[in-house]
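Reading through the C-alpha cells given below for one structure.
The values are calculated or read from the model by the stated rules, or taken from the named source; none is laboratory data. From a predicted model like this one, the values you see are computed outputs, not experimental measurements. Backbone-built Cβ (ideal geometry, glycine too); neighbour counts: all protein chains shown. Protein only, heavy atoms only, side chains kept; ligands, DNA and RNA dropped before computing areas. Shrake-Rupley method; radii C 1.70, N 1.55, O 1.52, S 1.80 Å.
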Amino acid sequence: MPKPLPFPEILTRVARSVGTPTYVYFERTIRKQIERLHGALEMVPHRLLYAMKANGHPQILRQIQTAGVGIDAVSPGELLLALRMGFRPEDVLFSANNMTTGEMHFAHRQKVLLNIGELSRLEAYGKAYPGADVCIRLNPQVGAGHHEHVITAGADSKFGIPVEFMPEIISVLEQHGLRLRGLHQHIGSGIPDPATLWDAVSVLLKQAAEFPDLEFVNLGGGLGVPYRPDESPLDLGDFASRFGDTLAAFSRTHDTEVWFEPGRFFVAEAGVLLATATTIKDNGDRCFVGVDSGMNHLVRPTMYGSYHEILNLTNPDGALRPYDVVGNICETGDRFAKNREVAEIREGDWLAILDTGAYGMSMASHYNLRALPAEVWVPEDNPAQFRVISERQSPAQLVGRIMREAVMPSA
Ligand SMILES: Cc1ncc(COP(=O)(O)O)c(C=O)c1O
C-alpha cells in the first residue's frame, strides 16, 4: 500500500497556480512533530533546538522560534541567519565542524555558546578567550544512522573528541579556565529506533556525571521518520517509558537539562516536492518517467539511495505500473525511484514526492545551471491560503545573477 497523499486538493491547487517544480511545506506537520517530542520528554527537564541545516527557510525558522525552540547552527551563515531572524544568542548553539580561527572569533563576538569537537580547536579557543563558557562535542564511539555517510560517531567518524581523550579535555579546560556548560553528542541521522541512541547516551551521561557544574547534556538529533510505507513512526512513547525515568533522575541528581537538536524529525514529513512528468520513455522492459526536477533539487536518493514515496497527484486511481522516475540532470544517478509502482503516469501529470521537507531544498544546487524550485507555505489555520515563500527563479535571472557576481577582466 502506498503512503496516503497529504492534502491532495491543496497540492493540486499549488501545482496549478504556482507550477512545478515546487516544494510545499505544511505548518501543521511541523507543529505536531515539535509537540510530539515535547510530549515524550515531559517528565525530563529539557530543551529543544532545531538543526537548521535540515531546512533553513526563514518561514520555517519563524515557526521554530514561535514554538520556543532554539537553533543548532553549524556555519557562520546559519549563525547569522538565526540571529537576524531574531533568535537570541543564548538560544543558539554553534557547532561548526573544523572551525577556522576566523569562524571562532566571529561566533564568540556574536556571544553564542561554542560547541567544540576538536582538541586543537578547544585549545585555540582557550588561548584566545581564557575563562570563556564552552560546550564540548564528544564522540561516544557509538554511531548509528540510515546510511554510512550520516553516522557521526565511532572510530570512522571525524566528529567530536573521542571520549577516551577526557583527561586531555580536562587539562585544556583547566589550563585556560574554560567553563564547561554542556556536553554534546550527535551520533548520526535517521536513526529508526531511539533505543539505539541509548548506548551512546549512557556513555555521555557517565562522563557528564563527573562535572558537577554542568548545565546541560545535549543528546543531539538523529531521530528518524518513516519514509517507506511499511515503516512506522518512531515510538517515542516507548523511548520515554524505557529511558525517561533514567534521564529525569540524572537531570534531578545533577541539576542538568537534557537537550535534543533534531532537524529531520521536525520538518521532513512537512514537505512535498511537486514535479511534472515531462517525458514517458517506454523501452519495453523499462519505463522511464522524466520529470522537471532532479538530483539538484533533491539529492537524497542519489547520495544515500534514500526512499521517497512518489504519488501521482493527477491520476491517483490509475492502475499501478512500475516506473523509473528520473530527473533532468545529466547524470545516470539522477533517479528518484527505480522500478517503483506508481498509479499510471501520463506526460503532464503532477507527481508528489513525499517527506522532502528535510535535506531537500537545503541541499539543493544550481547544477547543470538549472534554477531552484519555488517554495510554498501552507498555513495551519487556513491551508487554502497557501503562499509562495520563495519565487521560482527563471533561467534568465539565474544567468543574470552569475554574470553580475562574476569578477572578469575588463574587455
Ligand atoms: C550536530 C548536529 N546536530 C543535529 C543534527 C540533525 O540531525 P537530524 O536531522 O538527523 O535530526 C545534525 C545533522 O547532521 C548535526 O550534525
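Details
- Residue of GLU347, GLU257, GLU375 that the Gaussian network model of the chain assigns the largest fluctuation, springs spanning Cα pairs under 10 Å: GLU347
- GluC sites (Glu not before Pro) lying in DSSP loop within the stretch 1-57, provided at most 16 other Cβ fall within 10 Å: GLU42
- A dipole drawn for the chain from +1 and -1 charges on Cβ atoms has a positive end, and of VAL325, GLY237, PRO4 the residue lying farthest that way is VAL325.
- Most mobile listed residue (GLY131, GLY117, GLY70) in the chain, GNM with C-alpha springs under 10 Å: GLY131
- Note on the chain: helix-only mean residue ellipticity at 222 nm, from DSSP H runs of 4+ residues weighted -39500 (n - 2.57) and normalised by residue number, equals -8500 deg cm²/dmol.
- Considering only alpha-carbon pairs that sit under 8 angstrom and 6 or more positions apart, the relative contact order computed for the stretch 282-398 is 26 percent.
- Separation of alpha-carbon centers, the stretch 98-152 and the stretch 373-388, rounded to whole Å: 37
- Cross-link pairs exceeding 32 Å in C-alpha to C-alpha distance, out of LYS3/LYS206; LYS32/LYS281; LYS53/LYS281; LYS53/LYS206, comprise LYS3/LYS206; LYS32/LYS281; LYS53/LYS281.
- DSSP bridge orientation in the stretch 56-262 - percent antiparallel, rounded to nearest 5: 5
- Rounded Å value of the spacing that divides the Cα centres of the stretch 35-67 and the stretch 68-93: 13
- For the chain, with all protein chains in place and a probe radius of 1.4 Å, 52% of the accessible heavy-atom surface sits on carbon or sulfur.
- For the chain, averaging the sequence separation of C-alpha pairs within contact (under 8 Å, six or more residues apart) and dividing by the residue count gives a relative contact order of 19 percent.
- By the Cα gyration tensor, the stretch 173-330 has an equivalent ellipsoid whose semi-axes, rounded to whole angstrom, run 45, 18, 12 from largest to smallest.
- log10 of Debye I(q)/I(0), alpha-carbon scatterers only, for the stretch 224-305 at 0.22 Å⁻¹: -1.19
- Here the Karplus relation 6.51 cos²θ - 1.76 cosθ + 1.60, evaluated at θ = phi - 60°, turns the backbone of the stretch 272-280 into coupling constants of 10, 9, 8, 9, 9, 6, 9, 9, 10 Hz, with x for every Gly and Pro.
- With coordinates expressed along the principal axes, the C-alpha atoms belonging to the chain extend over 68, 66, 42 Å, beginning with the largest.
- Across the stretch 21-26, rounded Karplus estimates of 3J(HN,Hα) from the backbone phi angles (6.51 cos²θ - 1.76 cosθ + 1.60, θ = phi - 60°) give x, 8, 8, 10, 10, 9 Hz, Gly and Pro being marked x.
- Relative to the 2.2 N^0.38 Å rule of thumb, the stretch 279-382 has a C-alpha radius of gyration ratio of 1.08.
- Most fluctuating residue given options GLY357, GLY221, GLY318, as computed from a GNM of the chain linking Cα atoms under 10 Å: GLY318
- Judged by the gyration tensor of its Cα atoms, with axes a ≥ b ≥ c, the stretch 226-267 is oblate; a/c meets the 1.5 cut and b/c is at least as large as a/b.
- Rounded to the nearest 20 debye, the dipole size of the stretch 56-262 about its Cα centre is 700 debye, using +1 on the Cβ of Lys and Arg and -1 on the Cβ of Asp and Glu.
- Remark: the chain carries a charge dipole of roughly 1060 debye about the Cα centre, counting +1 on each Lys and Arg Cβ and -1 on each Asp and Glu Cβ.
- The orientation-averaged shadow of the Cα convex hull for the stretch 56-262, equal to a quarter of the hull surface, comes to 11.8 nm².
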